[in-house]
Amino acid sequence: MIIDPNDPQIVQCHCGAVTLEVQLVDGLFTARRCDCSFCRRRGAAAVSVKLEDLKITSGEDNLTLYQFNTKTALHYFCKTCGIYTHHRRRSNPNEYGVNMGAIVGISPRDWEPIRWVDGVSHPSDS
């Protein structure tokens with residue numbers, strides 16, 4: 001499935017309590033997985049969205065925040081079903097990473113292989 005980068009996409013947690021509308025930076029071509037201690041456990045592929053191109057359309061009060069280590073990245077999850085919806089990136093704090101698997105109608109499996117980035121050796125950790 002080809003995503004038109006000009007078309008907004010709907011992101012939704014599993015239970016439907018949290019919904020976002022996002023404008024992807026370059027369709028699904030920015031998809032990547034990170035191997036930092038947190039992301040490799042989460043396993044989700046993320047796509048890029050500029051900060052101003054993400055709108056929480058429902059369930060903002062149902063989001064919970066997780067931070068660790070440098071506390072630069074802000075990871076958001078649905079309190080009810082636990083699904084990761086998005087995070088403010090440590091690698092680029094001007095972007096969000098959005099859970100590719102939570103975009104309505106998208107299966108990350110259709111985009112394999114999805115590239116991995118080296119989050120273990122992040123410059124902020126040295």
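Here are the numbers:
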| read-out | value |
| --- | --- |
| Residue tally, condition exposed (fewer than 14 other Cβ atoms within 10 Å of the Cβ) and under 16 Å from Tyr96 (Cβ atoms), over the range 30-54 | 2 |
| Number of the exception - Asp61 against (1) within 13 Å of the chain's Cα centre (by Cα); (2) surrounded by fewer than 13 Cβ atoms within 10 Å (Cβ to Cβ) | (1) |
| Checking Thr64 against (1) in contact with a Pro (Cβ under 8 Å, 6 or more places away or on another chain); (2) on the phi < 0 side of the Ramachandran plot; (3) without any contact (Cβ under 8 Å) to a residue 40 or more places away in the chain, the condition it does not meet | (1) |
| Hits in the range 85-102 (condition: part of a strand (DSSP E or B) and not hydroxyl-bearing (Ser, Thr, Tyr)) | His86, His87, Arg88, Glu95, Gly97, Val98, Asn99 |
| Filter result (among the charged types (D, E, K, R) and more than 18 Å from Ile56 (Cβ to Cβ)) within the range 79-111 | Arg90, Arg109, Asp110 |
| Some residue of the range 41-53 being of a type in the set (S, T, N, Q) and touching a Lys or Arg at 6+ places or on another chain (Cβ under 7 Å) | no |
| Every residue from the range 1-11 that is under 14 Å from the mean Cα position of the chain (by Cα) and more than 23 Å from Gln67 (Cβ to Cβ) | Gln9, Ile10 |
| Qualifying positions in the range 31-50 - polar (S, T, N, Q) and under 11 Å from the mean Cα position of the chain (by Cα) | Ser48 |
| Search result, residues across the range 1-56 that are farther than 26 Å from Pro113 by Cβ and among the polar types (S, T, N, Q) | Asn6, Thr19 |
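Only the coordinates and a few stated rules stand behind these numbers; no lab work does. A quick note: this is a predicted structure, and the numbers were derived from the prediction, not measured. Cβ atoms come from the backbone with ideal geometry, glycine included; neighbour counts cover every protein chain shown.
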